[in-house]
Protein chains: 2
Amino acid sequence: MGNTVQRGFLDEEFENRTLRCQTMMAECGLDALWVCTEPEVRYFTGFHTPFWQSPTRPWFVVVPSSGKPIAVIPSIGASSMSSTWIDDVRTWPAPQPLDDGVTLLIDCLREVAGQQGRIGLPMGPETHVRMPLNDYEKVCSTFGGFVDSTEIIRSLRMVKSEAEISKHQHICSIVSDAFDALPEILNTGMTERQAFATFRSEILTQGADDVPYLVGATGPGGINDIIRQPSDRIINDGDLLIFDTGSTFDGYFSDFDRNFAFTSATQDAKDAYRAVWEATEAGLETVKPGATTTQIFNTMNEVLIKNGSLGNDVGRMGHGLGMQVTEWPSHTVEDETLVVENMVLTLEPGLQWASGKVMVHEENLVVRADGAELLSRRAAPDLPII
Amino acid sequence: MGNTVQRGFLDEEFENRTLRCQTMMAECGLDALWVCTEPEVRYFTGFHTPFWQSPTRPWFVVVPSSGKPIAVIPSIGASSMSSTWIDDVRTWPAPQPLDDGVTLLIDCLREVAGQQGRIGLPMGPETHVRMPLNDYEKVCSTFGGFVDSTEIIRSLRMVKSEAEISKHQHICSIVSDAFDALPEILNTGMTERQAFATFRSEILTQGADDVPYLVGATGPGGINDIIRQPSDRIINDGDLLIFDTGSTFDGYFSDFDRNFAFTSATQDAKDAYRAVWEATEAGLETVKPGATTTQIFNTMNEVLIKNGSLGNDVGRMGHGLGMQVTEWPSHTVEDETLVVENMVLTLEPGLQWASGKVMVHEENLVVRADGAELLSRRAAPDLPII
């Protein structure tokens, strides 16, 4: 369990990421690029810790136009960061609210880019600046502003290396096994909370490092919400159940769901299940290098409309997958992102099939030269009944 | 397990939070206050979902000068948010990168505060703005800026209600039981990774909802890093082990650690353990309403210096605890926060006792009228040997 897949990465992985970044930086005329969010810091350094859950301290990485990235971080991370491929680790004894890395970051950016340099920072969709706004404004005013570099980070992270893909394969296989075990370990009479705990435990037993994302719901004949936390509701005959989990291996996510009925299901529920399954089939056929996320959306949406969809609230029908449970791009009617080899994507068609009743399917895949290669084990074509 | 402690909160909890907030808003002359981070949105609404791990969509709550808060959120959250005490739930079909809630948020703020109103936003230590910077700047320029309201949010969240404290008591009791079980379930010959998985499983079995934060390390005669992820290193006779976990019950954290030696320990390691234990004792004596976080720091630091501390990299000796694994305040030499009743705090003295060898203790407590009431079960005064 986990022993067959390499943990961590060779230094070449980080060298390649940095070189690809620096090539794009040169095209944009950037002298430096800085990042301050967990996936970006990890992407360039390999620094991997749940310590980011503490909001107290900001962390920075500066990518120069050539050479290795520079870490500007709280001293509590010095030992871990020094064990990565990064050579230049600059620290301060955070927390220090009056100057929490601000001077150290400004000095580093000035050294790398010069006072008049063009400095990139991701500011667009799906990004945020993880430091106090007051401190950000000090850094910003020192340099008179930054250049939005969302597109650089987005295009880097959307396309995975084989080493990253192998981690996705591993966690998707683990979660597929855990879903397959559900009919044996769930039954009516359990509460939702017991069912959640049982599933979480099964995923961990199968070899996942963690289950950071687990949502779901049960309801008589159908469910009305796909991002809920469990309640003490007791599962009854005739209930539908959805579980959707983002589990991790070595910091890479799976993200797919499964639906089950207990004892029996109505024909309408079975038809709704079949509709999202067929929509996924259509999506899988569409995914290939050269297609767009909008084509993927439209293909799946046509199947849902043909099957009487009353719409859905999710806002998209799948997305990128990686170090976060959702990443760029989004399969929407306007997204128009070009699909390229080695993207890791989800397909997530959903529909409202009756008032207050929704059905959502999800599969994970990697884009290969000849089309979609499934990472999750394909859901059964008909609603499984426990 | 978990059945004795109420999940969720009565509506009065949210009414009280909102009224306390509005009283402070009035003192600052604020017409509205908006927040966009998970703990703040949950604080005012009760909306609780791991969906925040997806970086795709921003979420907003606007607190008016009187009346209930208003939720401005993606439509995927409409059903869950509508089941909270909030009445006014405004949604848009996110993701919609060209206008991801920006117009809806601006309209709401304008309606509540007027175009010339004074609008608060947390911008200070331990806060960040969780939305794309480009979008934030559109909102900001519409109103000509916001008033930093960190102090309002900080003083609200630092002082817990009895209902919140009961959740802390419950999770700290669960994790204490799991730590107590460790000598029976860990042994030399295991890898660090196996030891982590065993401990995580034990915490969940004891009744925790999740283990979002688990770090630790082993090393021959001592450890050099307290925020590491596990490796395949095999635990040997003479190793020291530290586990530090932030586990949750109903969205409230524990955060404490324990140290163990396998088979034997050097006198220096035993002395270092005793030093941090004694420092914690001194801290527990100091904690009471009217003391300051700086006094708590100084009291513990004196004990460590007397015992030959070579310093530490943590930057503080404990912090607030709540919906996040660390919250305001920090026990530092400069923090000077006044300790008041019903604060939930950690004490976390740490020292470097030899080159590359650190020792950190941590306990959790609630401040009562007459001093500290422990939430974690007090660590043994002498280094436990497995």
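Values as computed for the structure displayed
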| item | result |
| --- | --- |
| Largest-first principal axis extents of the Cα set of the stretch A:210-321 (Å) | 47, 40, 21 |
| Inter-chain Cβ neighbour average for residues A:323-334, partner chain, 10 Å | 3 |
| Gyration tensor (alpha-carbon) shape descriptor, the stretch A:159-374, a/c threshold 1.5 | oblate |
| Between B and A, accessible area buried - total, square angstrom, nearest 100, 1.4 angstrom probe | 5100 |
| Mean residue ellipticity (222 nm) of chain A, computed from DSSP H runs ≥ 4 via -39,500 (n - 2.57), nearest 500 | -11000 deg cm²/dmol |
| Cβ neighbours within 10 Å from other chains - mean over B:129-137 | 6 |
| Calculated FRET value between A:Gln116 and B:Cys140, using beta carbons and R₀ = 25 Å, to 0.05 | 0.45 |
| Estimated FRET transfer efficiency when R0 is 25 angstrom, pair B:Ser155-A:Asp107 (beta carbons, to 0.05) | 0.15 |
| Distribution of pairwise C-alpha distances over chain A, 10 Å bins, in % | 5, 22, 28, 23, 15, 6, 1 |
| Calculated P(r) tail over 22 Å for the stretch B:11-158, as whole % of Cα pairs | 33 |
| Copies compared at B:Arg20 - label distances in nm, ascending, label defined 7 Å from Cα in the Cβ direction | 4.7 |
| Ordering of A:17-23, A:326-332, B:202-208, B:242-248 by packing [mean C-beta count within 10 Å, highest first] | A:326-332, B:242-248, B:202-208, A:17-23 |
| Listing of the stretch B:206-237 residues, each with accessible area lower by at least 40 Å² in the full protein assembly than in the chain alone (probe 1.4 Å) | B:Asp210, B:Pro212, B:Tyr213, B:Asp225, B:Ile227, B:Gln229 |
| Pairwise FRET efficiency - B:Glu336 versus B:Asp237, Cβ, R0 = 35 Å, nearest 0.05 | 0.15 |
| Nearby lysines by direct alpha-carbon distance to B:Lys270 (threshold 21 angstrom, same-chain neighbours under 8 apart not counted) | B:Lys306, B:Lys357 |
| Share of alpha-carbon pairs per 5 Å distance bin for the stretch A:283-333, given as whole % | 5, 20, 27, 24, 16, 7, 1, 0 |
| 14 Å beta-carbon shell around A:Val333, net charge (K/R +1, D/E -1) | -3 |
| Euclidean distance between Cα centres, the stretch B:198-225 to the stretch A:231-304, Å | 34 |
| Shape call, the stretch A:92-201: gyration tensor on alpha carbons, a/c limit 1.5 | prolate |
| Kyte-Doolittle at least 1.6, axis length at least 27 Å by Cα - qualifying DSSP helices, chain B | none |
| Net charge over other residues, Cβ less than 9 angstrom from the Cβ of A:Gly350 (K, R count +1; D, E count -1) | -3 |
| Residues with amide H under 5 Å from that of B:Asp210, placed H, sequence gap 5 or more | B:Thr248 |
| Accessible area of the stretch A:97-242 belonging to carbon and sulfur atoms, whole % at 1.4 Å probe | 51 |
| Separation of the A:Asn187 and B:Lys270 label points, Cα + 7 Å toward Cβ, nm | 5.3 |
| Sequence-separation-based contact order of chain B, relative, with Cα cut under 8 Å and 6+ spacing, percent | 13 |
| Calculated label separations, B:Ser264, copies of the chain, 7 Å along the beta-carbon direction, nm | 7.0 |
| Kirkwood Rh (inverse of mean 1/r, distinct Cα pairs), the stretch A:61-113, angstrom | 11.5 |
| 3J(HN,Hα) from dihedral phi, the stretch A:253-262, Karplus parametrisation 6.51/-1.76/1.60, rounded to Hz, x for glycine, proline | 9, 9, 7, 8, 10, 8, 10, 9, 10, 9 |
| Which of A:Asn364, A:Met300, A:Asn259, positive extreme of dipole for the stretch A:229-386 (C-beta unit charges) | A:Asn259 |
| Kirkwood hydrodynamic radius over Cα pairs of the stretch A:265-381, then Stokes diffusion coefficient at 25 °C and 0.890 mPa s, in µm²/s | 175 |
| Net +/- balance of residues flanking A:Pro183 in space, Cβ distance below 12 Å, scoring K and R +1, D and E -1 | -2 |
| Radius of gyration, Dmax [the stretch A:332-384; alpha carbons; angstrom] | 13.9, 41 |
| Estimated translational D of the stretch A:144-241 in µm²/s (Stokes, Kirkwood radius over Cα pairs; 37 °C; 0.692 mPa s) | 203 |
| Shape category assigned to the protein assembly as shown from the gyration tensor of Cα positions, a/c cut at 1.5 | rounded |
| Theoretical gain in end-to-end length, A:Ser201 to A:Ser83 [0.36 nm per residue, Cα-Cα removed] | 39.3 nm |
| Most to least packed among A:230-239, A:361-370 [average Cβ atoms within 10 Å] | A:361-370, A:230-239 |
| 7 Å along Cα→Cβ, label-point gaps from B:Gln115 to other copies, nm, shortest first | 4.0 |
| Residue-normalised accessible area of the protein assembly as shown, expressed per residue, 1.4 Å probe, Å² | 35 |
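The values are calculated or read from the model by the stated rules, or taken from the named source; none is laboratory data. This one's a predicted model, so the numbers in the text were calculated from it and none came from an experiment. With ideal geometry, Cβ positions are generated from the backbone for all residues, glycine too; neighbour counts draw on all protein chains shown. The protein model used for the area step is the full one, side chains on, heavy atoms only, and it has no ligands, DNA or RNA in it. Shrake-Rupley method; radii C 1.70, N 1.55, O 1.52, S 1.80 Å.
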